[in-house]
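The values are calculated or read from the model by the stated rules, or taken from the named source; none is laboratory data. Given the structure is predicted, the values throughout are model-derived calculations rather than measurements. All Cβ positions, even for glycine, are placed from backbone atoms using ideal geometry, and neighbour counts span all protein chains on display.
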Amino acid sequence: MKTPFINCAAAIISKDLRAEFRARELVSVMALFALLSILVFSFALELDRQAREEAVSGVLWVTLIFASLLGFNRSMAQERDQGNLDALLLAPVSRAAIFVGKLLGNFIFTLIVGLAMLPLMTALYGLALLDGWIILTTALGTFGFATIGTLLATMTVQTRAREALLPIALLPIALPFLLTAVRATKSLLSGAPAAEWQGSLGMLAAITVIYLVLSLLLYEYVLEE
Amino acid sequence: MEAERKSLALDLRIDTSPMPRLLRALTVITALAFAGTLALGLRVAGTDIQQGEIQRIFYIHMPSFFGAFTAFGLTVIGGVIYLARKNEAWDRIALAGVEVGLAFSLINLLTGSIWARPIWNTWWTWDPRLTSAAIMCLTYAAYLMLRAGIDDPGKRRAFMSVYGILAFVTVLITLFIIRIVPETIHPVIVGASPQNAQGGFEATSGVVIALLPSLLLWLTLLPITLIWHRVRLEARIEALNRLKLQALSE
């Protein structure tokens, strides 16, 4: 008898949340990395008032994607190193439920980091990043990263050179997410007409849905044996 | 001696058969057809009034993208069937599709770049379609990197089938972005060109005479023949590796 889909996914999420609440391994590392990355960008690009408007959405998304790479690697490596991956494979649960559980866990952690970055960057750069639509774009973009990140991290964590392979596998596939998210954020920040950012946001949503469906269908094949 | 070698070949599942007659025929036909389409593009088609001789590169540029489309499409088919049946032959097709498709899409980028230099006055611009074509190439380059990084053959085949299917989304984005994102300067020859397109020309009967055969060749014969050769090569590489392992263990 199989455990119902929702119970299984919920159990994995609550396990991830509890582990994170106790150990604070993922979010703290990702957040610290994000903070450092923002500082590095500020110094490297010498962001003055005018340059900021142009560059801030790029800084936001590049930081988020690298921070999420760290998080996805860690999250799947924990599953493997502590033997939980094998246990999950032995349990009578559907692979798609494991995927949804890990995906939502990864999404929550990345979103926390993303949402923490918005007020921080608002304060540092003096731009109105705390806008409802920008928050929605952040949520959608991080969900997209988490979708392919969870699938690809499950693959790369089972290989020998695992930490090195995830960026190579993930970055090219994540570029469409990155492009549309950066465009939407940039148009929102510059107060462009609604049609401009709605187009990018719509494309971001469409790409996310395509990859979500593909990942749900394909996940069982990356978790075999 | 001969019998011994045959039995060894059988043991290691080495493909000792000569090139199939169909493949031989395909190779000759493809080579002749390629020469034919070149002649059509370079000789028969008229010179473009506005762009001059450089416009002729189009007869390779657009067909090479569709050749990549066929090759990457075969990767998807190979991946799906491999995941369903676990037959190695389909994984070889998927790998061959990526290599041939990557070569074709590099030809596509290169010819586009050569055309853009006189027409757009730049080798490269961050136009939506150029960007998505570059992303496509990078994704398939990542496929080869990732493939080389996975040791376990069973896992490698399964994972790369999955990646090959995912990667095809970038091909579709490249194909359709021109119709979605209006600010592209990349011209559309078949159908209405975007408003900002620069360097378009009309698909007159002279253009079609050179374009259509070239397009058909790149869509079908060229990728299929090359992939077939590559699949045979891959089967031999795998057999050679088995032979090496056996020699080492003895």
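Being more than 9 Å from chain A (Cβ to nearest Cβ) and under 21 Å from B:Thr111 (Cβ atoms) is the filter here, so list the residues in the range B:159-171 that pass it.
Passing the criteria: only B:Val171.
Only one residue in B:Arg117, B:Arg56, B:Arg85 is touching a Ser or Thr at 6+ places or on another chain (Cβ under 9 Å) and away from chain A (no Cβ under 12 Å), so which one is that?
Within the list B:Arg117, B:Arg56, B:Arg85, the selection yields B:Arg56.
Determine which member of the set A:Val56, A:Val93 is touching a residue at least 12 places away in the same chain (Cβ under 8 Å) and not in a helix (DSSP H, G or I).
Step by step, each of A:Val56, A:Val93 is checked, and only A:Val93 is touching a residue at least 12 places away in the same chain (Cβ under 8 Å) and not in a helix (DSSP H, G or I).
Return a yes/no flag: does the range B:104-113 have any residue that is more than 21 Å from A:Thr154 (Cβ to Cβ), in contact with a helix residue (DSSP H, G or I) (Cβ under 7 Å, 6 or more places away or on another chain) and modelled with pLDDT under 90.
Within the range B:104-113, none of the residues are more than 21 Å from A:Thr154 (Cβ to Cβ), in contact with a helix residue (DSSP H, G or I) (Cβ under 7 Å, 6 or more places away or on another chain) and modelled with pLDDT under 90.
Does A:Ala195 meet the test of being assigned to a helix (DSSP H, G or I), within 12 Å of chain B (Cβ to nearest Cβ) and surrounded by fewer than 16 Cβ atoms within 10 Å (Cβ to Cβ)?
yes
Could you run through the range A:144-189 and say how many residues are closer than 13 Å to A:Trp133 by Cα and of a type in the set (Gly, Ala, Ser)?
Going through the range A:144-189 one residue at a time, the tally reaches 3.
Please specify each residue of the range A:153-177 satisfying the condition of being touching a Gly at 6+ places or on another chain (Cβ under 7 Å), within 10 Å of another protein chain (Cβ to nearest Cβ) and in a helix (DSSP H, G or I).
Those that are touching a Gly at 6+ places or on another chain (Cβ under 7 Å), within 10 Å of another protein chain (Cβ to nearest Cβ) and in a helix (DSSP H, G or I): A:Leu165, A:Leu170.
Quick one: A:Ala44 ticks every box in (1) touching a residue at least 12 places away in the same chain (Cβ under 8 Å); (2) more than 18 Å from A:Leu188 (Cβ to Cβ) except a single one, so which number is it?
(1)
Scanning for something assigned to a helix (DSSP H, G or I) and surrounded by fewer than 11 Cβ atoms within 10 Å (Cβ to Cβ), does the range A:45-52 turn up at least one residue?
Yes, that holds for at least one residue.
So in the range B:130-158, with the set limited to residues that are buried (at least 19 other Cβ atoms within 10 Å of the Cβ), more than 8 Å from every other protein chain (Cβ to nearest Cβ) and within 18 Å of the chain's Cα centre (by Cα), which one is farthest from B:Thr184 (Cα to Cα)?
B:Tyr143
May I ask you to verify whether B:Thr174 is buried (at least 18 other Cβ atoms within 10 Å of the Cβ), under 13 Å from B:Phe72 (Cβ atoms) and within 9 Å of chain A (Cβ to nearest Cβ)?
In short, no.
Does the range A:105-122 contain at least one residue that is under 23 Å from B:Ile150 (Cβ atoms), of a type in the set (Phe, Trp, Tyr), touching a Leu at 6+ places or on another chain (Cβ under 8 Å) and touching a residue at least 24 places away in the same chain (Cβ under 8 Å)?
For the range A:105-122, residues under 23 Å from B:Ile150 (Cβ atoms), of a type in the set (Phe, Trp, Tyr), touching a Leu at 6+ places or on another chain (Cβ under 8 Å) and touching a residue at least 24 places away in the same chain (Cβ under 8 Å): absent.
For the range A:137-152, state whether one or more residues are more than 14 Å from A:Ile65 (Cβ to Cβ), within 12 Å of chain B (Cβ to nearest Cβ) and assigned to a helix (DSSP H, G or I).
Yes, the range A:137-152 contains at least one residue that is more than 14 Å from A:Ile65 (Cβ to Cβ), within 12 Å of chain B (Cβ to nearest Cβ) and assigned to a helix (DSSP H, G or I).
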